[in-house]
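A.B. asks: Following this message is one structure expressed as structure tokens.
Please treat every number below as a calculation from the coordinates, not as lab data. As the structure is a prediction and not an experimental result, all values here were calculated from the model. Don't worry about glycine lacking a Cβ; one is built from the backbone with ideal geometry, like all the others, and counts go over all protein chains shown.
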Amino acid sequence: MTANRVLDDDWALDDWALDDWALDRTFRSPTGTVRWAALGDPALPPVVLGHGTPFSSYVWRSVARALAPRHRVYVWDMPGYGASEMRAGQDVTLAAQARVLAELLGHWGLERPAVVAHDFGGCVALRAHLLHGARYERLALVDPVALAPWGSPAYRLLGANAEVFAQLPAPLHAALVREYLSSASHRGLHPAVRERLAAPWCTPQGQAAFYRQIAQNDQRFTDEIQGRYAELELPVLACWGTDDTWIPVAKGHELAAAIPGAELRLIEGAGHLVQEDAPAQLTAELVRFLG
């Protein structure tokens, strides 16, 4: 399959989609050095994009570039993910990531940006707002981890046996990571995209980090905020892939009902990784919402 082959009417994987997505700036947080980048004119309205697990800012590459003509777009890899620092003993809980996000907003000098967050990034953004005083102009949540219960049987198995899985031979670990990533897409990941997402986890340091982040996160981090969603007093959009097998679309309806005035937009034919399955539809919804 070539990079220019049209996969369907909705997604053409252009050459630039496989280029060297690079985060060229750093921020030293208490939990590790964060790699980040900014796209677009600094004078434009700011929007911050947050990724989930086991992903990185790379999943936002097409959306970030599409938003950049109208926004100053900030992207970052959470500590323990992607290009950011990975180390033994690192605190990569959702609680820690929310504190990092609040600190980053201060570092960037953003008083009230728009925020778009996917998967675990949804919990991170919600915690930063509800528990740490981060202020947003508006919030878009894309298939977020926000409501109990969450965590597939496979996810719980990996977390409960992190020390065992961390000792897998490297080829077996890499195969596990690739299959796990692939299951987030309904339409199937382009092999080059899958390899790019898997690469940070397929070093000795990355293998330990992969299981560390699973072991450290559990439902208590959403339990602490789930009862407060009615307090949200800002425009909220929830986008959900109708074929998400990680977090069923029923959770989207439940979340929209829990947040006053929230919109729910369903992305037909997309799985959990909506950015890869339906980037055009997702971008259109975000452009409309961000205004």
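A.B. asks: In debye, nearest 20: dipole of segment 158-291 around its Cα centre with unit charges on the Cβ of K, R (+) and D, E (-)?
C.D. replies: Dipole magnitude for segment 158-291 comes out near 360 debye.
A.B. asks: How large is the helix-only mean residue ellipticity at 222 nm for the chain, computed as the sum of -39500 (n - 2.57) over DSSP H runs with n ≥ 4, divided by its residue count, in deg cm²/dmol to the nearest 500?
C.D. replies: Per the formula, -11500 deg cm²/dmol.
A.B. asks: When a footprinting reagent is the concern and you count Cβ atoms within 10 Å, what order do 239, 202, 123 take, fewest first?
C.D. replies: Exposure proxy ranking, most exposed first: 202, 239, 123.
A.B. asks: Antiparallel as a % of all DSSP beta bridges within the chain, to the nearest 5?
C.D. replies: In the chain, approximately 35 percent of DSSP beta bridges are antiparallel ones.
A.B. asks: Also, quick follow-up: List 277, 20, 77 from most exposed to least, where exposure is judged by having the fewest other Cβ atoms within 10 Å.
C.D. replies: 20, 77, 277
A.B. asks: Net charge around residue 91, counting only other residues with Cβ within less than 11 Å of its Cβ (Lys, Arg = +1; Asp, Glu = -1)?
C.D. replies: Net local charge, residue 91 excluded: +3.
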